[in-house]
Amino acid sequence: MLTEILTDQQLIDLYTTPGYLVAVNYPKKEVKLHTIDCMLADPISSVGVKPSKARAQKTGEFWVSESREEANSKAEEIAKKKQYTYIICPICNR
Ligand SMILES: [Zn+2]
């Protein structure tokens, strides 16, 4: 099931659950696919995504799915619709 992530806490709570994160960065015009346990998908990490802030500032959106296929389809759909670049994160890609 695909779930939209609206807050940092929502993502923090999912950290130990296997799954995938679709991170959309509006200013960078970029859609990135991560595993949920990637450090770049961790709001607690200084380099991690910050869904609460992105939502407040309208700079991005985030989706989570247990299925890589489903996350991948969502990422491709957004990238195509917005004409953003779709990147599979090189750090957590597996
Ligand atoms: Zn990653």
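Computed from the coordinates by the stated procedures, all read-outs in this text should not be read as laboratory data. It should be emphasised that the depicted structure is a prediction, and the values quoted were computed from it without experimental measurement. Note that we place each Cβ from the backbone using ideal geometry, even for glycine, and neighbour counts take in every protein chain shown.
Considering segment 37-67, the residues that are closer than 16 Å to CYS89 by Cα and β-branched (Val, Ile, Thr) include one that is surrounded by the fewest Cβ atoms within 10 Å (Cβ to Cβ), namely VAL47.
Scanning segment 8-36 for residues that are surrounded by fewer than 19 Cβ atoms within 10 Å (Cβ to Cβ) and within 27 Å of LYS80 (Cβ to Cβ) returns GLN10, LEU14, PRO18, ASN25, TYR26, PRO27, LYS28, LYS29, GLU30, THR35. Selection within segment 36-65: residues that are within 12 Å of the chain's Cα centre (by Cα) and small (Gly, Ala, Ser). The member of this set that is farthest from ASP8 (Cα to Cα) is SER65.
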